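The values are calculated or read from the model by the stated rules, or taken from the named source; none is laboratory data. No experiment lies behind these values; they were computed from the predicted model shown. Positions of Cβ are backbone-derived with ideal geometry, glycine not excepted, and every protein chain shown enters the neighbour counts. We work out accessible area using only protein heavy atoms, side chains counted, and drop any ligands, DNA or RNA first. Shrake-Rupley method; radii C 1.70, N 1.55, O 1.52, S 1.80 Å.
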Amino acid sequence: MRLKLMARWAAAVAMLLAFAQPALAEDGYGLWLRYRPLAAGPAADLATRAGSIETEEAADPTIAAAVAELRRALPGMTGRPAGQGGTLLIGTPASPRIAALGLLLARAGDDGFVIRDVTVGGRRLLVIAGNRPVGALYGAFHFLRLAQQGALPARLDVAERPRVKLRLLNHWDNLDRTVERGYSGQSIWAWWKLPIASDPRYVDYARANASLGINGAVLNNVNAKPDSLTPDWIAKAAKVADVLRPYGIRVYLSARWSAPVELKQAKTADPLDPAVAAWWRAKADEIYRAIPDFGGFLVKANSEGQPGPQDYKRTHVDGANMLAAAVKPHGGIVMWRAFVYSDVDPDDRAKQAYDEFKPLDSRFADNVIVQVKNGPIDFQPREPFHPLFGAMPKTPLMLEVQITKEYLGFATHLAYLAPMWSEVLAADTYAKGRGSTVAKVIDGSLEGHRLTGMAGVANIGSDRNWSGSIFDQANWYAFGRLAWNPDLTPQAIAGEWARQTFTPDPAFVTPVTAMMMGSRQAVVDYMTPMGLAHLMATGHHYGPGPWVGDLARPEWNPTYYHRADKDGIGFDRTRTGSNAVAQYAAPVAKRFADKRTVGDDFLLWFHHVGWDERQPSGRTLWEELVSRYDRGVATVEGMQRTWASLAPMIDGERAAQIASFLVIQKEEAIWWRDASLAYFGSVSGRKLPTGVRPPAHDLQTYEAIRHPYAPGHH
Ligand code: GCV
């Protein structure tokens, strides 16, 4: 009896201790780097091959970070103490043992790695090597990615190198720690406590990014304040840079064009004024003294009220090249954004960036890269690829996507974005004939550019789970993986992520990846089906507002985008309308310009279509639209069912949060559907097809909904 009691007591204490172990909490903080125990077979195999970690370059901070990561991960995964089992050797050719192996490291390029099982003196050895320490670090993370999935091949022989050079996160983080379009708490940068106090979170942020190959972070919002360029703030950025450096991550800053004037150190911000150029040169020198590997500046100029060179009747080229000259002696770059639309130009907003930037091709300095959003409007749930891709052959262009879901339901809607980004990367610009994909534009292979890049607007904040929801972590993950290799499939990336984030069990992974793969299309269906766009409520952009038509500028209004009237709906961008199709290469323009070939994803983006026009399905356009809204809601209901069946396979904490967010998503999908159908029904005068559920409320009720406290709006 006593023995039994003691055993129970011991079990209770063990349980308490287990719960008290913060490392085991499943609150999402661990992201995809959880390093949980593997099943017996893979665990034993891993221990046999990588029980003890060796390096000859421990003094290098990046190699030290790689070794620390392996040592942190392996005992948990193998269930054996460090130092037992086979040997894993990590490093670069600076290590004599690695140099002696003849690993053909040319395959790894500057940033890549080789992972191989080799036999030395009759002993089996696992080697992870890069030409530079950062390559070895990426190799370590790649190895852990494979191991966590329980998927180590019997003989490892992997060689990888990233396709684009700049793989960056753009933080839209303000100096007061609010985040523009941020839905996961405050900014992770605790500016107020910097530069004296760091935060362990910065290291975990760096680890997560390095695990994907992300190698740069723009710390502050593109809607920048001049203060971020003052000595105090440079010191804060320098402290962050110090923490991120061992992980191969460079720091960049968004620069406010008018900073010299606002800081009262110049009378003008005219880029051709020598005093202004001298100010920026001195500023760059000052930054590089504090941050020797500073990456450079990101600039939003003459866009949405931000100042820029056009305020002085100069061009984007004048502005970008002046700044480029300031950072050039230090090896820095300027990322100049092409997200511009004029407040006076009445032309189709979708055409304006192309019209402004195409004539500037070949005039930018060689350390300038132009940053172009995936589509010509603004991160909508679906847009055709931006016509600038393929249209500026002499200028390096980088792709900008939005990881934070400003237009796809914030952090509470489950929408896996890799399919959206892959759609754009795989889009054929036909710039140099068939096969001239956006991916080949941005990786430089189409035109032979060496400066290449991809940026994602971060969805990272101070929330314990980093991204506001567990499934939004998948979008951070997918961004990094696609920036490393734009040809990876969204399906494969979802599988990798789910195995590491939850469990490698196929009974979980197969249905969860299927759910993720359909999730973005569901959002398109219940928000903006068939090529509609920009139908959201004003300001915060949450919820439907297709009726809004009274805002000061035409292109702020949803009515400008959908153009619905009693006859039909959609924006005519063919020759009879704005002729935006003409900005694409001829084969693409031809496909988009014809209602029969454009496809229903972009039908209403490029065409004004009669409500009663028959669609390939045999339904009228109105009936088709209604069915899309219904399909969107039905998909979310299906996601709820899938999750209910999968939740028991994972921990309760994350399962419950995901389930509760799916409830929010379903309610809001219905809200979008009902409000949109109430509005378009009233404009078209068409009745809902028989059997279709009518909206729960009348149009006025939806129009009266206000959300003054929605997050992320500044
Ligand atoms: C940072 C959209 C967003 C703005 C954002 C802008 C941009 O318009 O709503 O919040 O500003 O894009 O990309 O500059």
Per-residue SASA entry for SER645, accessible area with 1.4 Å probe, Å² rounded to 10: 80
Taking 0.36 nm per residue of sequence separation and subtracting the Cα-Cα distance, how much length would be gained by fully extending the chain between ARG97 and LYS264, in nm to one decimal? 54.4 nm
Average accessible surface area per residue within the stretch 198-326, 1.4 Å rolling probe, Å²: 33
Histogram of C-alpha separations across the stretch 103-222, 5 Å bin width, %: 2, 10, 15, 17, 15, 11, 11, 8, 5, 3, 1, 0
Using Cα-only point scatterers and the Debye equation, what is log10 of I(q)/I(0) for the stretch 166-484 at each q in 0.09, 0.11 Å⁻¹, rounded to two decimals? -0.42, -0.65
Quick check on the stretch 362-459: what are the equivalent-ellipsoid semi-axes from the Cα gyration tensor, as sqrt(5λ), descending, whole Å? 25, 15, 10
Report the residues of the stretch 191-217 in range of a label on ASP242: point 7 Å along Cα→C-beta, backbone N strictly under 12 Å from it. 194-199
Report, to one decimal in Å, the Kirkwood hydrodynamic radius for the stretch 42-160 based on all distinct Cα pairs. 13.8
Rounded to the nearest 0.05, what FRET efficiency do SER682 and TRP192 give with R0 = 45 Å and r taken as the Cβ-Cβ distance? Could you check? 0.35
Expressed in nanometres to one decimal, the distance between label points 7 Å along Cα→Cβ at ARG363 and ARG553 is 2.2
Mean separation of Cα contacts under 8 Å (6+ apart) over length of the chain, as relative contact order %: 11
For THR437, what accessible surface area do you get with a 1.4 Å probe? Give it in Å², rounded to 10. 30
Relative contact order (percent) for the stretch 42-160, with alpha-carbon contacts under 8 angstrom and 6 or more residues of separation? 28
Tell me the label-point distance for the pair ARG563, THR87, using the 7 Å Cα-to-Cβ offset, in nm and rounded to one decimal. 7.1
Run the dipole for the chain about the Cα centre, Lys and Arg Cβ at +1, Asp and Glu Cβ at -1, nothing else charged, and hand back the magnitude in debye, nearest 20. 1640
Please find the FRET efficiency linking ASN579 to ALA154, where r is the Cβ-Cβ separation and R0 is fixed at 56 Å, and quote it to the nearest 0.05. 0.45
19 Å reach of a label modelled at GLU667, 7 Å along Cα-to-Cβ, counting backbone N of the stretch 673-714: 673-676, 695-698, 701-712
For the stretch 87-139, what mean projected area does the convex hull of the alpha carbons give, in nm²? 3.1
CD proxy, 222 nm, the chain: helix-only mean residue ellipticity via -39,500 (n - 2.57) per DSSP H run with n ≥ 4, per residue, nearest 500, stands at -12500 deg cm²/dmol
Of LYS351/LYS566; LYS590/LYS666; LYS300/LYS394; LYS313/LYS595; LYS193/LYS264; LYS328/LYS373, which pairs sit farther than 29 Å apart, going by alpha carbon to alpha carbon? LYS590/LYS666; LYS313/LYS595
Expressed in nm to one decimal, what extension gain is obtained for the pair VAL203 and ALA507 from 0.36 nm per residue of sequence separation less their Cα-Cα distance? 106.1 nm
How long is the stretch 522-673 along each principal axis, judged by its Cα atoms, biggest number first, in Å? 56, 38, 31
Round to the nearest 0.05 the FRET efficiency obtained for GLN640 and ALA275 when R0 = 56 Å and r is the Cβ-Cβ distance. 0.35
Assigned charges on the beta-carbon of Lys, Arg, Asp, Glu; the stretch 561-714 dipole about Cα centre (debye): 460
Expressed as a percent, the accessible surface of the chain that is carbon or sulfur, using a 1.4 Å probe and the full set of protein chains, is 56
How far, in nm, would the chain grow between LYS590 and LYS394 when pulled straight, counting 0.36 nm per residue and subtracting the alpha carbon separation? 68.1 nm
Computed from the mean reciprocal separation of all distinct C-alpha pairs, what Kirkwood hydrodynamic radius does the chain have, in Å? 27.0
